[in-house]
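K.L.:
Quick one: this structure, given as structure tokens, is what I'll be asking you about.
The values are calculated or read from the model by the stated rules, or taken from the named source; none is laboratory data. Because the structure is predicted, anything quoted here is derived from the model rather than measured. All Cβ positions, even for glycine, are placed from backbone atoms using ideal geometry, and neighbour counts span all protein chains on display.
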Amino acid sequence: MVYVATAFIALASVLSVAVSSPVKSRAVAQHTGRGTWYDAGLGACGFTDSDSDPVVALSVGDYGSGQNCNKWISITNTATGATAKGQIRDKCPGCPGDSIDMSPALFQQLGNLDQGVLQVAWHFD
């Protein structure tokens, strides 16, 4: 009986530590920069996309060696609050750091093509 009581107390103390331990949330790195649009086609990730696909080209620095290919990002037009999701399929040699180039279909979810340039915030999903 003493053994059962000791085991119960040990189990209860382990559970109380597990329940009281805070869960750490993963911080999401937010990027802010310029959002432009381009005619999609064969991208640096090796896939051919069309203008109607929600695809994104990252700046050379953010693209790196292609480790972000096929990842999805969430994008917000900081002026209007409009949001959209895009898949990384290309790199943009002319984009400054943290700026992105989007297919026409994706850009139009955030603004009008005639605008040409939007201020955007984005993060990896």
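K.L.:
Which pairs do you get when a residue that is under 12 Å from LEU118 (Cβ atoms) and of a type in the set (S, T, N, Q), found in the range 60-87, comes within reach of a residue that is in a loop (DSSP other than H, G, I, E, B) and at pLDDT 95 or above, reach meaning Cβ atoms under 8 angstrom, with the pair 6+ apart or on two chains?
P.N.:
Close Cβ pairs satisfying both conditions: THR76/ALA82; ASN77/GLY111; THR80/GLY111.
K.L.:
Could you list, in sequence order, all residues of the range 57-115 that are in contact with a Pro (Cβ under 8 Å, 6 or more places away or on another chain), assigned to a helix (DSSP H, G or I) and under 19 Å from LEU42 (Cβ atoms)?
P.N.:
VAL60, ALA105, LEU106, listed by residue number.
K.L.:
Can you name the number of the only condition in (1) modelled with pLDDT of 95 or more; (2) surrounded by 10 or more Cβ atoms within 10 Å (Cβ to Cβ) that THR6 fails?
P.N.:
Tallying (1) modelled with pLDDT of 95 or more; (2) surrounded by 10 or more Cβ atoms within 10 Å (Cβ to Cβ), THR6 fails exactly one: (1).
K.L.:
Being touching a residue at least 24 places away in the same chain (Cβ under 8 Å), of a type in the set (Ser, Thr, Tyr), touching an Asp or Glu at 6+ places or on another chain (Cβ under 9 Å) and surrounded by fewer than 20 Cβ atoms within 10 Å (Cβ to Cβ), is that true of even one residue in the range 94-115?
P.N.:
So far as the range 94-115 goes, no, none of its residues is touching a residue at least 24 places away in the same chain (Cβ under 8 Å), of a type in the set (Ser, Thr, Tyr), touching an Asp or Glu at 6+ places or on another chain (Cβ under 9 Å) and surrounded by fewer than 20 Cβ atoms within 10 Å (Cβ to Cβ).
K.L.:
While we're here: Count, please, the residues in the range 75-106 that happen to be within 14 Å of SER50 (Cβ to Cβ) and hydrophobic (A, V, I, L, M, F, W, C).
P.N.:
Selection size over the range 75-106: 3.
K.L.:
Across the range 38-61, what is the total count of residues that are surrounded by 14 or more Cβ atoms within 10 Å (Cβ to Cβ) and either more than 15 Å from LYS91 (Cβ to Cβ) or in contact with a His (Cβ under 9 Å, 6 or more places away or on another chain) (or both)?
P.N.:
Residues that pass the stated criteria total 3.
K.L.:
So for the range 42-55 (the condition being aliphatic (A, V, I, L, M), at pLDDT 95 or above and under 20 Å from ASP125 (Cα atoms)), does at least one residue qualify?
P.N.:
So far as the range 42-55 goes, yes, one or more of its residues are aliphatic (A, V, I, L, M), at pLDDT 95 or above and under 20 Å from ASP125 (Cα atoms).
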